[in-house]
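Only one structure is covered here, and it is reproduced in the block below.
The values are calculated or read from the model by the stated rules, or taken from the named source; none is laboratory data. Quick caveat, the model's predicted, so the values are computed rather than measured. Cβ atoms come from the backbone with ideal geometry, glycine included; neighbour counts cover every protein chain shown. Note: accessible area is taken over every heavy atom of the protein model, side chains too, but ligands, DNA and RNA are not part of it. Shrake-Rupley method; radii C 1.70, N 1.55, O 1.52, S 1.80 Å.
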Amino acid sequence: MPKMVTLTIDNHPVTVPQGTVVVDAAKKIGVDIPVFCYHPKMEPVGMCRLCLVEIGRPMVDRATGQPLMNEDGTPKVQFGPKLETGCTTPVSEGMVVHTQTDGVTSARKDILEFLLTSHPLDCPVCDKGGECPLQNLTMRHGPGNSRFLFDEKQHLGKNIPLGELIYLDRERCIQCARCVRFQSDVVDDPVIGFYNRGRKLEIMSNSTPGFDSIFSGNTTDICPVGALTTADFRFGARPWELKSAASICTHCPVGCNLTVNVRREAKSGGDVAIKRIMPRQNESVNEIWICDKGRMAYHYAESKERLTSPLVRKGADLQLVSWDEALDLAAEKIRSAGQLVTLAGGRLSNEDLFNLVQVTQTVNGRALLYTHMAGGDLVARYGLPEGSDLGALGKGDAILVIASDLHQEAPVWWLRLKQAAKRGAELIVLNPRETRLDKFAGHVVRYPYGQEVETLSAFLPGAQVPEALQGVVSAFQAAENVVVFYGSEGLGLDGSQAVAQTAAALVFSRGKTGQPNNGLVAVWPNGNTQGAWDMGFKPSADLASAVRTADVLWAAAVDPAGDDPALAEAVDGANFVIVQELFLSETARRADIVFPAQSFAEREGTVTSGELRVQRYYPAIRPDANTRPDFAISAQIGLRLGLKLETSVPSLALLQAVEKVPTYTGVNYQRLAEVAEQWPIFGRKDMYYGGTGYANSQGLGVKLALAADGINPHAAKESAGMPPAAVNGLVLVPVTRLLDRGATVMPSTLLHQRLADKVLQLHPRTAEKLGLNADGDVVVAANNWTVEARIQLDEKVPVGVALAPRSTGFPVSAPLAAAVTSRVAVPEV
């Protein structure tokens, strides 16, 4: 425990940990010291000087070292001759702070007057108006008028695109450097900075493309003025017009807490429209940050391409029908099916997945999970238990990450592990190629693709440790607490299963299963893949065969036909196909019945993160009248089969799930809505302090109990391995890119310039061996498919393989041998 220090601020005593700065100590007792440059998530710099206060310290006898006392027995306090910055001054025992004296008040007024000398008076048209720290603090502490001559004001560029996502108004910037420091110090993307000096100091982008960072949107939240705005929200609405709803990001397994801001407006036909996505504070999940995918990839929810009515195939065409007709037909086909295969994705909520499983089990069908990654049953048994917090990991703890590029797969986890390493945690990265996490790791181990288990097994007790790994293994085994993250870098279903088994055995071998900050975390490809495992879905080792032989294929929130030609052929082979979807996907085009589902923004539900935290999201916009949530669709089919499932209230559907899934015992919507005081204070009335995000008033989530089945995990004997390279070819290994070309990302046109392309990355020596030119066009052929792509040379890629990004057009779910040849351009006639 840190040493505690007691001081007095404006005659109020306060006790805080040693090292706390005066501004934070004051905030603890509700005393507001205004700030611009200071932010509680960043190191203080004392640039703006608005936090000046009077500080006195106990006088000490130099000869004896004892405090000098007044006649009444109180310590003598000596105040400095000048005001001090409250954001850079650590507290000390007996310190006395005055924040409301005439000298302090005068200093604040002077600072604000200087800041406003060249600041434009455009509050009525500024996006920050209504939630602007400068506006609020000027009203509270500033002068009523300015003495500065109008003709001497600085006139700088307005509406400057730092990149296609973030715009800068240089006249509004007060040079607090919050954005620059966030990019440099917090997310390690120093892509913006200052240039020029004095009054001509300006923010500039120094990257190509401009402002090249996946966390760029956070700078608009912490900017204390209207200098930085997102292209998504700019001039879109005034803050006081917005309503808000709590939500959860489902793009990755972190489960970042969001606030969806909405407004009823004419251009949406009088309906409520989403205007922006903002972070919602949850210090145990995403703190106060979100990535740009979570912030801007929401437009699919309002896409004009959404399905709005049930469809049934009549003859060769899908035709509009009533819900009753479509539901009756679906129930009839499922009832008479010899083999029902239900295929679901991790985008669905727990309620959706539970109802799908119940209907499937009623007719003895198979509930299959559409994923390339295994191990959810092991995570349920050996995951992070109650009391765990990545934000608490530090000195004495070890974090091992294997087969995962966290910066691209789960950006906020990357951010939190980076911070844990800074606090002293032993960060160990095992990966075949360099990743952004390596820079912060104490140990980095390279292994060839296909040697994951052999590398990880060296960390098991009693294993024969190669000399090169003895140091890292010793550091791992000496740690008090251990968290193991595993992903799917270069892995398919078999490979990830082997890694999950070995990682679970490693966690179990330490004898601390169920203890806080000890456990296994899967870096899932979707937001609720863990929930799908928990509700009873499992992946199939031969999905194409399972789909092809199905009498009825029931696909929900998946598009196998659009992802893989082999699966498209399998879907065509199924006797009858039922689809629940948002869009008319390739699988939906082949279906016999298509049900229009609702998006996350139109309904409520729950999801389970990779850390085993169940969280609740709320409806933000009104759904189309003829769409229904997935859990209701499956429940209404179930009713026609004699099954009693909840058809309208998701909270009741969850209660039915809790009765049958032991690890969810005690989870309900009331508990999921519970909140607790969080630090630092974020949003609320003092938005100048932490930024213009949202405090959490609608639920912090509930950690699941670990499954207790008494089964001890056993490490896999070997990795799944790599297929031999084709003649004149190589092995494609699948990797994940944050901004892929999936159905929930493509409708957000703002992100198109940043999306991953259909590009193979390979080492120059590999390209030379195959006779391929840098940045040339190639033809990739494997199994029964052919894809045209470009190549990109990268010396960080291992020789003999090519990185194939998922969800960009390569039908690669596991390492795959492929022939790669240069594409010969056909001359125009």
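Applying the condition of being acidic (Asp, Glu) and over 21 Å from residue 353 (Cα atoms) to region 658-684 and asking which residue is least open to solvent (accessible area, probe 1.4 Å) yields 674.
The residues of region 200-217 that are within 30 Å of residue 349 (Cα to Cα) and in contact with a Gly (Cβ under 8 Å, 6 or more places away or on another chain) amount to a single one, 216. Scanning region 234-248 for residues that are polar (S, T, N, Q) and either without any contact (Cβ under 8 Å) to a residue 60 or more places away in the chain or in a loop (DSSP other than H, G, I, E, B) (or both) yields a total of 0. Selection of first residues in region 748-759 that are touching a residue at least 12 places away in the same chain (Cβ under 8 Å) and of second residues that are of a type in the set (D, E, K, R) and part of a helix (DSSP H, G or I), restricted to Cβ pairs under 9 Å at least 6 apart or on distinct chains, gives the following pairs, ordered by first then second residue: 748/293; 751/292; 751/293; 754/292. All of (1) open to solvent by 10 Å² or more (accessible area, probe 1.4 Å); (2) touching a Leu at 6+ places or on another chain (Cβ under 9 Å); (3) aliphatic (A, V, I, L, M) hold for residue 316 with one exception: (2).
Listed here are the residues, each with its yes/no results for (1) β-branched (Val, Ile, Thr); (2) in a strand (DSSP E or B); (3) more than 20 Å from residue 216 (Cα to Cα); (4) at pLDDT 95 or above.
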residue: 232; (1), (2), (3), (4): no, no, no, yes
residue: 250; (1), (2), (3), (4): yes, no, no, yes
residue: 260; (1), (2), (3), (4): yes, yes, no, yes
residue: 267; (1), (2), (3), (4): no, no, yes, no
residue: 273; (1), (2), (3), (4): no, yes, yes, yes
residue: 285; (1), (2), (3), (4): yes, no, no, yes
residue: 289; (1), (2), (3), (4): no, no, no, yes
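Considering region 385-437, and only residues there that are among the small types (Gly, Ala, Ser) and assigned to a helix (DSSP H, G or I), the residue that is surrounded by the most Cβ atoms within 10 Å (Cβ to Cβ) turns out to be 420.
Residue count for region 597-619, restricted to those that are buried (at least 24 other Cβ atoms within 10 Å of the Cβ) and of a type in the set (Asp, Glu): 1.
Taking the criterion of being under 24 Å from residue 503 (Cα atoms), in contact with a Ser or Thr (Cβ under 9 Å, 6 or more places away or on another chain) and open to solvent by less than 30 Å² (accessible area, probe 1.4 Å), would at least one residue in region 685-705 satisfy it? Yes, region 685-705 has at least one match. Within region 575-589, residues that are touching a residue at least 60 places away in the same chain (Cβ under 8 Å) and crowded, with 20+ Cβ neighbours inside 10 Å have Cβ atoms under 6 Å from residues that are of a type in the set (Asp, Glu) and part of a strand (DSSP E or B) in these pairs: 588/581, counting only partners at least 6 apart in sequence or on another chain.
Selection of region 731-770 for residues being over 19 Å from residue 810 (Cβ atoms) and out of contact with any helix residue (DSSP H, G or I) (no Cβ under 7 Å at 6 or more places or on another chain) yields 749, 753, 764, 765, 768, 769.
Exactly one residue among 103, 19, 30, 56 is outside any helix (DSSP H, G or I), open to solvent by less than 50 Å² (accessible area, probe 1.4 Å) and either closer than 30 Å to residue 243 by Cα or not hydrophobic (A, V, I, L, M, F, W, C) (or both), and that residue is 56. Looking only at region 128-150, residues that are within 14 Å of residue 115 (Cβ to Cβ) and touching a Phe, Trp or Tyr at 6+ places or on another chain (Cβ under 7 Å) come to 3 in all. Applying the set (1) more than 25 Å from the chain's Cα centre (by Cα); (2) open to solvent by less than 10 Å² (accessible area, probe 1.4 Å) to residue 268 leaves exactly one unmet item: (2). When region 658-688 is filtered for residues that are within 30 Å of residue 536 (Cα to Cα) and among the small types (Gly, Ala, Ser), the ones remaining, listed by number, are 666, 673. Scanning region 224-277 for residues that are among the hydroxyl-bearing types (Ser, Thr, Tyr) and out of contact with any helix residue (DSSP H, G or I) (no Cβ under 9 Å at 6 or more places or on another chain) returns 244, 259. If I filter region 487-505 for residues that are surrounded by 24 or more Cβ atoms within 10 Å (Cβ to Cβ) and acidic (Asp, Glu), do I get at least one hit? Yes, there is a match, as at least one residue in region 487-505 is surrounded by 24 or more Cβ atoms within 10 Å (Cβ to Cβ) and acidic (Asp, Glu).
Go through the residues of region 538-554 one by one and say whether even a single one is of a type in the set (D, E, K, R), at pLDDT 95 or above, buried (at least 22 other Cβ atoms within 10 Å of the Cβ) and touching a strand residue (DSSP E or B) at 6+ places or on another chain (Cβ under 9 Å). Within region 538-554, none of the residues are of a type in the set (D, E, K, R), at pLDDT 95 or above, buried (at least 22 other Cβ atoms within 10 Å of the Cβ) and touching a strand residue (DSSP E or B) at 6+ places or on another chain (Cβ under 9 Å).
Within region 61-83, being among the aliphatic types (A, V, I, L, M), over 30 Å from residue 110 (Cα atoms) and open to solvent by less than 80 Å² (accessible area, probe 1.4 Å) holds for one residue alone: 68.
Residues in region 633-657 that are open to solvent by less than 40 Å² (accessible area, probe 1.4 Å), within 30 Å of residue 694 (Cα to Cα) and not hydroxyl-bearing (Ser, Thr, Tyr): 650, 653, 654. Residue under question is residue 329, and the condition is that it be open to solvent by 10 Å² or more (accessible area, probe 1.4 Å), touching a strand residue (DSSP E or B) at 6+ places or on another chain (Cβ under 7 Å) and part of a helix (DSSP H, G or I); does it hold? It is true that residue 329 is open to solvent by 10 Å² or more (accessible area, probe 1.4 Å), touching a strand residue (DSSP E or B) at 6+ places or on another chain (Cβ under 7 Å) and part of a helix (DSSP H, G or I).
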